[in-house]
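*Asks:* Submitted below is the structure of interest, expressed as structure tokens.
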Amino acid sequence: MLMLAIIGCIVSLILALVLTPLVKKLAVKIGAVDVPNARKVHTRIMPRLGGLAIYLAFILAMFAVLPFVADHFSMRDSNFIKAFLLGGTLIVLIGALDDRFELSAKVKLLGQIIAACVVVFGFDIKVDFVNIPFADNYSSLENWISIPLTIIWIIGVTNAINLIDGLDGLAAGVSGIAIGTILVMSLLMGNMMVAMLCLLLLGAIVGFLYFNFHPAKIFMGDTGSLFLGFCLAMLSLLGFKQIAIISFITPLIIIGVPLSDTFFAIVRRWMQKKPIFAPDKGHLHHCLREIGFSHRQSVLIVYGIAAFFGVLAVIQSSAAMYEANWVTFVVICIMMFFLQIGAEIIGLVGKTKRPILNLIARLRMKVSENRHN
């Protein structure tokens, strides 16, 4: 089955290479283009809608592989795949309409809520329980908690990817690294259904990145960022299902880059007394450009950060298999330390908001004074 999934990955990659130029022509023809403005890095009109190529490559490869592997899946696996495909299709439709007509935030949110509700109520996919670190057993969740939690999770992660889509190849690459992390974990757990979905998505993403990496020939648009965000939300949701293997913290680590960037954006806007959903140029990639890194260097740095989070997630989940919960604590501490230090160095919250760095500087001054005395 793994070999079939690998073949499907190759098929998906080839399809993305073939379909992306066609989607580019379609985007220009129907007017789905991105016009430069003060917030955007590009300086010329660019076709978007590129996410449609990712979606089509994934779907076509899925239907090519599915007849050969369907017998290996349980009823729950089949249910998840149906929810994944239907919910993803709704998200792509919303994103495509936005790329062409620029829908309002409220309309897009409504569409995302509908897609999340289809997953939860239509296919009964939800967080039933979580394995809490340092506890010997799992904690069951009542419907009044699990249903809204699942819907919020899907909507939150879907939009987190959308927020980091600010440089050529950034959102696609970060999503690919996160999906690659889930692929490694699914193989360690022997979950071939998740491994297959990850491989098919990775093929489509890599094929699209050929046209999307700097200098980009096409943008993925909301079609791509929302679809990949939805895919990550659904795949990482499975982390909650592996009660004996993965704790609730693992999905948060996997998508640490988009979630942390979103978190710091909310804090930054709150401290500056701006609307939480107001766009700005304070995101991670903007800050990296501002301190002197080139477009390509900024993207590669964020890739490195995403890979770092991926390695932490694999270490944490692998340790959880052997109930080494102290590793979870260490991973969380390392992650939080580097997040805070990194945010202060590049100014994610603000140029003057550097409590940890200021504390370190004061301690160094005191040590220096003591030596002189």
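*Asks:* Quick one: which of L187, L200 is assigned to a helix (DSSP H, G or I), surrounded by fewer than 21 Cβ atoms within 10 Å (Cβ to Cβ) and out of contact with any strand residue (DSSP E or B) (no Cβ under 6 Å at 6 or more places or on another chain)?
*Replies:* On the way: L200 fails: surrounded by fewer than 21 Cβ atoms within 10 Å (Cβ to Cβ).
L187 is the lone residue from the list that is assigned to a helix (DSSP H, G or I), surrounded by fewer than 21 Cβ atoms within 10 Å (Cβ to Cβ) and out of contact with any strand residue (DSSP E or B) (no Cβ under 6 Å at 6 or more places or on another chain).
*Asks:* Next question. Does R364 count as surrounded by 11 or more Cβ atoms within 10 Å (Cβ to Cβ), of a type in the set (D, E, K, R) and modelled with pLDDT of 75 or more?
*Replies:* Details: surrounded by 11 or more Cβ atoms within 10 Å (Cβ to Cβ): no; of a type in the set (D, E, K, R): yes; modelled with pLDDT of 75 or more: yes.
Spelling it out, it is not the case that R364 is surrounded by 11 or more Cβ atoms within 10 Å (Cβ to Cβ), of a type in the set (D, E, K, R) and modelled with pLDDT of 75 or more.
*Asks:* Can we say V206 is open to solvent by 30 Å² or more (accessible area, probe 1.4 Å) and part of a helix (DSSP H, G or I)? It would help to see each step written out before you state the result.
*Replies:* Details: open to solvent by 30 Å² or more (accessible area, probe 1.4 Å): yes; part of a helix (DSSP H, G or I): yes.
Criteria met by V206.
*Asks:* Would you mind finding the one in L56, L49 that is crowded, with 19+ Cβ neighbours inside 10 Å, assigned to a loop (DSSP other than H, G, I, E, B) and under 20 Å from the mean Cα position of the chain (by Cα)? Don't jump to the end; show me each part of the working.
*Replies:* Working: L56 fails: assigned to a loop (DSSP other than H, G, I, E, B).
On inspection, the qualifying residue turns out to be L49.
*Asks:* For region 101-155: of the residues being among the charged types (D, E, K, R) and closer than 26 Å to A319 by Cβ, which is modelled with the lowest pLDDT?
*Replies:* Pass one, region 101-155, residues among the charged types (D, E, K, R): 102, 106, 108, 124, 126, 128, 136, 142.
From the residues that got through so far, the ones that are closer than 26 Å to A319 by Cβ too are 128, 136.
Details: D128: 69, D136: 48.
Applying the filter and picking the extreme gives D136.
*Asks:* Could you list, in sequence order, the residues of region 84-113 that are within 21 Å of D124 (Cα to Cα) and open to solvent by less than 20 Å² (accessible area, probe 1.4 Å)?
*Replies:* F84, G87, G88, I91, G111, Q112
*Asks:* With the checklist (1) in contact (Cβ under 8 Å) with a residue 24 or more places away in the chain; (2) open to solvent by 50 Å² or more (accessible area, probe 1.4 Å) in hand, flag the one item I81 doesn't pass.
*Replies:* All conditions are met except number (2).
The values are calculated or read from the model by the stated rules, or taken from the named source; none is laboratory data. Note that the structure is predicted; figures quoted are calculated from it, not measured. All Cβ positions, even for glycine, are placed from backbone atoms using ideal geometry, and neighbour counts span all protein chains on display. Surface areas here come from the heavy atoms of the whole protein model, side chains and all, with no ligands, DNA or RNA. Shrake-Rupley method; radii C 1.70, N 1.55, O 1.52, S 1.80 Å.
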